[in-house]
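The values are calculated or read from the model by the stated rules, or taken from the named source; none is laboratory data. What you are looking at is a predicted structure, and each value in this text was computed from that prediction instead of being measured. Positions of Cβ are backbone-derived with ideal geometry, glycine not excepted, and every protein chain shown enters the neighbour counts. All accessible areas refer to the heavy atoms of the entire protein, side chains included, with ligands and DNA or RNA removed. Shrake-Rupley method; radii C 1.70, N 1.55, O 1.52, S 1.80 Å.
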Amino acid sequence: MGELLVAEKISKVVGWLKKETIVDQVSITLYPGQIMGFLGPNGAGKTTTMKMLLGLTSITSGSARISGAPVPTPASRIGVGFLPEAIQHPSHLSVGEYVRFHARLSGLPDHDSEIEEQLRNVEMWDYRDRPLRECSKGMRQRADIARLLLCRARLIFLDEPFSGLDPCGQVMLKELLVSLKEQNISVLVNSHAAGILADVCDRVCMMNHGRIILSDTLEKLLTTSKTRVIAQFSNTAAASDFAAKQSAVPHRMQEPADIEFLIEDSCGLNELIKAIMAAGGQLTAVAPVTLTLDQLFVKVLSGQRPEVTGGNA
Amino acid sequence: MLSRIRLIMWDTFLDVARHKMLAVHLVFICISIGLFNLFGHFSTTPSLEYRMIQDVGLSIISLFGFFIALFIGSTTLRDDIQHKTIYAVLTLPMGRWELYTGKFLGTLLAAIVNVLIMLCVLTILLYMKFQILWGGFQWVALFMLLEFAIMTGMVLLFSLSDSLIVCFSLSIFCVLLGSMAEHVQHLAAAADIPLLSYLTDVVYWIVPNFSYFNIKYKILKDLTVSPSFALWAIGYAGCYLLFLLAAGSWVLKKKDL
């Protein structure tokens, strides 16, 4: 499967007298049908990275290609769509006019049937004559998705698409992202909504101070080396006796006679399970400990996880 | 390419027309009707009243035309950049110069239609009151349209600066200087310091010479405009507009959005 987007050590330096590096040697590879999430605090360089890839901002050093065409040539933007954060849509156009205008600009036939199909896909067909200025944020975003689909985008850049949306709007957008993936459309999404990104992304990139500090598949990022074991004993006294014998293993007592252990490695796990069985206890749960993306984000930013992959995504 | 430019031009024109032009025209019509009533009381003869209304009417159109050029030129592209509307267009496989050319032509069209409507309103009101057809209307229209086309193109170029104050200041400065272009030329010739003379000369050649388009005195004195002068003015305006278009396209291409 060929890469759709490849960025190699792209950097952005701004300022005349006092130079400041706002994106520092970022490398990204994105394949067709993949959703990649960019996560990072404000000012991390996520939006600037997107803008560089879209040719909206110049790349100071490094290179990028989209579908094999070098950025920022017009050829690199064929089949590419962008939904910026806090965009104010043209107030003089209705939803239908807006979608049709972009289809025509893309040089695509603006057949009524296609426009209807895409607007129905995002549940905006009934609002096609409504001026954009009278639409809610969620409706305008859906109109934008219809615009991108009508222009046959294969790679979509979304900048903070979930901000300002109500929970229903967030769920709808999440479902839309999943449906884009099913259509083999790749998405690069910037967001602070780590919980939502965890639901839709294949890969996650964490950025801070212009650098990628962590990047991998979601599964690998969230899985830890720890295993949680919960054992049940016949009574509280038996549980307490066993816990006392296993004082070297981190644990905590649970009601009525359960103990939860956290095991660091698999060797310790086997020994613990044997000991539990020998003491007459029952295993009620053995599962690897996983983090939520929010927890990982906070840990990485607070420096609790220095073993980052760095540089590449 | 041409179809994209045409689409953007038409969209820009619609944007201006749907929201801004109507209000400007209503204000202008109200002022014009007020003028007619006012000068009816002050003038001693109908011919004097006709000239006064024509003179003041043209001055008001000039003033309004400048404000319209300033308003349309400074908001069209600038708002699109600030509201990020431009991102949706610039991420399509098209050159930035295509967008700029479309915007440029759209704002020019809007400014021209605006001025044309105001001139038509003035002409119709004059005809209704005096039953005289304005003989030099076509020349007034032509020269005013050329003047406002340059003004609008210039403001659009300056609107690419990061500050609205810079855009307004440069626009007003250039319009004032361009209206006094002949004096600037004399100043360049009279300057004792070579560097000052050279700089003044540069300013004279860079800033548009609006005196080429000022034919109001000829119209008011019923003088005719020679076709060769008109051709020269059209050629000058065409070249200047091309220069503004090229400069704006280059600036937008280099601009980090």
Zone reached by a paramagnetic label modelled 7 Å from B:LYS255 Cα along Cα→Cβ, restricted to segment B:108-148 with backbone N below 20 Å, covers B:108-111
Counting only residues 5 or more apart in sequence or on a different chain, those whose built amide H sits under 5 Å from that of A:LEU4 are A:LEU30, A:TYR31
Among B:LYS129, B:LYS216, B:LYS103, the residue with the largest mean-square fluctuation in a Gaussian network model of chain B built from Cα contacts under 10 Å is B:LYS129
Between the modelled labels at A:THR290 and B:GLU182 (7 Å from Cα along Cα→Cβ) the distance in nm is 8.3 nm
Relative to chain A, whose Cα atoms define the longest principal axis, helix A:112-121 and its Cα axis are tilted in degrees, nearest 10, by 20 degrees
Within segment B:82-111, DSSP-loop chymotrypsin sites (Phe, Trp or Tyr not before Pro) with at most 13 other C-beta atoms within 10 Å are none
Here segment A:179-186 yields Karplus 3J(HN,Hα) values (6.51, -1.76, 1.60; θ = phi - 60°; whole Hz; Gly and Pro given as x) of 5, 5, 4, 5, 8, 6, 8, 8
Heads up, segment A:45-100 by the C-alpha gyration tensor (a ≥ b ≥ c square roots of eigenvalues; a/c under 1.5 rounded, else a/b over b/c prolate, else oblate) looks oblate
Dividing the surface of the Cα convex hull of chain A by four yields a projected area in nm² of 21.0 nm²
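Hey, what's the Kirkwood Rh for segment A:65-204 if you take every pair of different alpha carbons, in angstrom?
Kirkwood radius, segment A:65-204: 15.5 Å.
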Plugging the Cβ-Cβ distance of A:LYS137 and B:LEU63 into 1/(1 + (r/R0)^6) at R0 = 56 Å yields, to the nearest 0.05, a FRET efficiency of 0.90
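Are there chymotrypsin sites (Phe, Trp or Tyr not before Pro) in segment A:1-91 that DSSP marks as loop and that have at most 15 other Cβ atoms within 10 Å, and which are they?
In loop regions of segment A:1-91 (DSSP not H, G, I, E or B), the sparsely surrounded chymotrypsin sites (Phe, Trp or Tyr not before Pro) are A:TRP16.
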Reported to the nearest 10 Å², B:SER3 has, with a 1.4 Å probe, an accessible area equal to 60 Å²
Calc'd 3J(HN,Hα), segment A:288-298, phi into Karplus 6.51 cos²θ - 1.76 cosθ + 1.60 (θ = phi - 60°), Hz, glycine/Pro = x, comes to x, 7, 10, 9, 8, 5, 4, 4, 5, 4, 5
Note: A:GLU182 to A:ASN235 extended length (0.36 nm per residue) minus current alpha-carbon separation gives 13.9 nm
Magnitude of the Cβ-charge dipole (Lys and Arg +1, Asp and Glu -1) of chain A about the Cα centre, nearest 20 debye, reported as 960 debye
per DSSP, antiparallel bridges as share of beta bridges in chain A, % nearest 5, sits at 70 percent
For A:MET172, A:MET139, the accessible-area ranking with a 1.4 Å probe, largest leading, is A:MET172, A:MET139
Expected max-MSF residue from A:ILE87, A:ILE273, A:ILE59 in the GNM of chain A (alpha carbon, under 10 Å) is A:ILE273
Among the DSSP H helices of chain B, those whose Cα atoms extend at least 20 Å along the helix axis and whose mean Kyte-Doolittle hydropathy is 0.5 or higher are B:2-16, B:22-42, B:46-82, B:96-130, B:137-158, B:164-179, B:227-254
